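The values are calculated or read from the model by the stated rules, or taken from the named source; none is laboratory data. Only a predicted model underlies this, so the values are computations on that prediction, with no experimental measurement involved. Cβ atoms come from the backbone with ideal geometry, glycine included; neighbour counts cover every protein chain shown. In case anyone asks, the SASA skips ligands and DNA or RNA and just uses the protein heavy atoms, side chains included. Shrake-Rupley method; radii C 1.70, N 1.55, O 1.52, S 1.80 Å.
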Amino acid sequence: MNLLLIIRRAFWLGARDYTAIFTWKTWLTNWFVRVVAQVSFFALIGRMLGDPGQTQFLLVGNAVLLAAMVGMYAVNMVSWERNAGTLPLLAAGPTHPAVVLTARGSYLILDGTLSASGALLVTAHLFGMPLPWPRAAIVIALIAVVAASAYCFGILAGSLLLGFRSIQTIVTNVGLVTLMTLCGVNVPLDFYPEPMRWVASVLPLTNGLVAVRLAVTGQWQAALFPAAWEALVGIGWLTLCLLMVTALVRRGRRHGTLDYAS
Amino acid sequence: MTVVTRDAVTLAPFGVPEPELQYSAGTPAIAAVDLVREYPRKRKDPVRALQGLSLTVAQGEVHGLLGPNGAGKTTLVKILSTILLPTSGQATVCGHDVVRHGRDVRELIGVVMGGDRGLYTRLTGRQNLEFWGALQKVPRKVLRSRTEHLLERLGLAAKADARVETYSRGMKQRLHLARGLIGDARVLFLDEPTMGMDPVAAREFRKLIGELRDEQRTILLATHDMTEAESLCDRVSFVRDGTVVATRSPHAVAGLVSAVQGLELDSADAALAATLAEVPGVTSVTTDGATTRILVRSQDDFPRLLHLLADHGVTSLRTLRPSLEDVYVRLIGDRGLEV
Ligand SMILES: Nc1ncnc2c1ncn2[C@@H]1O[C@H](COP(=O)(O)OP(=O)(O)OP(=O)(O)O)[C@@H](O)[C@H]1O
Ligand SMILES: [Mg+2]
């Protein structure tokens, strides 16, 4: 019970932190417009290829990618936390830093879901492939699963920063490029050889995207299995993240690296 | 002949040590035994920040840590607050081992590190406090009123809803203190908590510590401010090179170097001054307007000096007791800026 309260508090803390940068207006004008343009760009490439199937493939892929992208911003959140110097104080408190860190960025799941769903709905409308309502609701739910599992992956990547300094840009970029290329956003999954598909299947986004693609065409029952797989992948990364932060905090206690220093 | 101390208390025989303060028996709030902490260095021997430090702090005691830069005060505070593991040795907080039962320790303590880092700067002071309170598992209703109370008590009420990045350094430091208090900790570790505070705020802070003491909280206070230590602490420990060299009540520290450092006479007789300067054991004689100050090397030099003064008809004099700062300088050694 207490844990839930702490998670809720941490969520709000993160959300308030976020609303200190973005207001609804700036979110719409600075961020949302940009991501809609990005998705439209890829959909346009599909249209230039003259294949409606291709257009839809690229449109859906790049829209859902946004959920994963926002999840990867967890890396920045962790780095910010580290720079703020709160880590030693968290480590001296009764709530484990692993819980605080994972809960604190969870607003990104909401942000990712909103960004991806919004971009998908708007762009699909622009490109004349509107999603009828009940179907859209299922799609949004599936996107939320992707956003959550990508966030778990992002927070793990971010927690690496606690142990290994100044690799923030590398972590974010490698993470993003991997997700972008391997997970079936612009290139179908079966394009890659078996071992790479294997890797892709344990990354966030891959299975969730399959599920969304199915749901978009109305096959929502078929979408259930990959969606569950996506959720499982997320839980896996989350577990790994909790273990990692716990190990890094333990290491910090031993080496004296839990410090104010950035 | 009347011998009057500076604070107008009759000084009976010289050099009688004041009794150590007595505290209630039972589990000490803090007990450190033979703590050693080494920091590894590249291609060099490790730094030994603590070299077998031992310290006991009773429940409800306000205990000061004094010592030069690099003495190991922060390292000790970190070990006690479970942020750092000792290389060897043992430490307990309210009977809980800081290594094996860190979790229990963390339920009991509040930590305030000096400086303005460690806050969520994009959030308001109130939001910071409410968040840390939640992490400290303070029930919601209590948290709201306690946040209000602490903001008020630390003079932050007017800035409560402004983002912390707009706070001055001293205000951040005050917020830190409020953060350390939000969990209602029984044991507080304060590492240079008044760093960056203006004098008025620092005085308010001292008042606050007094109140916390009245609430029977235990406080370990690392500070470079002698006045602060003198006015707040039940006892102080002098830390040098990773060990405690002495622990006393601030009023008894004088006994560490010598209970009385010298005498002050209401007379500026040049001839007498010249005679006094010749007395073995007298290290300096200075006259200034209507008074003469005589400093001696040790306690043993007093009887002879007093006889001489009596022979010269001096009947009124004051003893010069060293301040905490004098003791600090003598005990720690005047090492200048060397660390
Ligand atoms: N993370 C670290 N890595 C290596 N050496 C360290 C580290 N932290 C402290 N030290 C060293 O340990 C010794 C004790 O440092 P500590 O910070 O405990 O001193 P302090 O008494 O708090 O000093 P100050 O009054 O300046 O705050 C110093 O020699 C310092 O250089
Ligand atoms: Mg220090």
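Some points to look at:
- Rounded, prolate or oblate (a/c below 1.5 giving rounded, otherwise prolate when a/b exceeds b/c) for the protein assembly as shown by Cα gyration tensor: prolate
- Averaged over A:19-28, number of beta-carbon atoms from partner chains that fall within 10 Å: 1
- The share of accessible area on the stretch A:2-255 that comes from carbon and sulfur is 73 percent, using a 1.4 angstrom probe.
- Extreme residue, positive dipole direction of the protein assembly as shown, given options A:V202, B:L308, A:G61 (C-beta unit charges): A:G61
- Once the chain from B:V200 to B:V142 is taken as fully extended at 0.36 nm per residue, the excess over their C-alpha distance is 18.0 nm.
- Cα-based equivalent ellipsoid of the stretch A:146-262: semi-axis lengths in Å, sorted from largest, via gyration tensor: 32, 15, 11
- Three-way shape label, the stretch B:258-321, alpha-carbon gyration tensor, a/c 1.5: rounded
- Measuring nothing but how far apart in sequence close Cα pairs (under 8 Å, 6+ apart) lie, relative to its length, the stretch A:2-255 scores a relative contact order of 25 percent.
- Largest to smallest accessible area among A:F11, A:F225, A:F164 [probe 1.4 Å]: A:F225, A:F164, A:F11
- Relative contact order of chain B, pairs being alpha-carbon contacts under 8 Å that are 6 or more residues apart, as %: 22 percent
- Heavy-atom accessible area per residue - the protein assembly as shown, 1.4 Å, Å²: 45 Å²
- Counts of other chain beta carbons within 10 angstrom of each beta carbon in peptide B:66-77 average 0.
- 20 Å reach of a label modelled at B:R163, 7 Å along Cα-to-Cβ, counting backbone N of the stretch A:3-30: A:10-30
- With Cα atoms defining each centre, the stretch A:84-163 and the stretch A:1-79 are spaced 8 Å apart in the structure.
- Cβ neighbours within 10 Å from other chains - mean over A:246-255: 2
- Multiplying the residue separation of A:T181 and A:R8 by 0.36 nm and removing their Cα-Cα distance gives an extension gain of 58.8 nm.
- One chain, two ends: B:K207 and B:T27. Fully extended at 0.36 nm per residue, the span grows by 62.1 nm beyond their Cα-Cα distance.
- Each residue, A:M196 and B:E278, gets one label point 7 Å from its Cα in the Cβ direction; the gap between the two is 10.3 nm.
- Number of Lys pairs (Cα under 26 Å; 8 or more positions apart or on different chains) in the protein assembly as shown: 16
- Scanning chain A for DSSP H helices at least 18 Å long along the axis (C-alpha atoms) with a Kyte-Doolittle mean no lower than 0.5 picks out A:33-48, A:52-72, A:107-126, A:133-163, A:168-182, A:220-255.
- With every protein chain in place, chain B: carbon and sulfur % of accessible area (1.4 Å): 50 percent
- Theoretical FRET efficiency, 1/(1+(r/R0)^6), r = Cβ-Cβ of B:D300 and A:A20, R0 60 Å, to 0.05: 0.30
- Using a simple spin-label model with pseudo-atoms 7 Å out from Cα toward Cβ, B:Q216 and A:H125 lie 6.5 nm apart.
- To the nearest ten degrees, helix B:199-214 and the longest principal axis of the Cα atoms of chain B are 80 degrees apart.
- Gyration tensor (alpha-carbon) shape descriptor, chain B, a/c threshold 1.5: prolate
- Solvent exposure ordering (accessible area, 1.4 Å, most first) of B:S316, B:S249: B:S316, B:S249
- Estimated at the nearest 10 Å², the accessible area of B:R48 is 110 Å² with a 1.4 Å probe.
- Two-site FRET efficiency, B:L308 against B:T227, from Cβ-Cβ distance with R₀ of 45 Å, rounded to 0.05: 0.80
- Summed over both chains, the contact between B and A buries some 3200 Å² of accessible surface at a probe radius of 1.4 Å.
- MRE, 222 nm, helices only [DSSP H, n ≥ 4, -39500 (n - 2.57), over chain B, to nearest 500]: -9500 deg cm²/dmol
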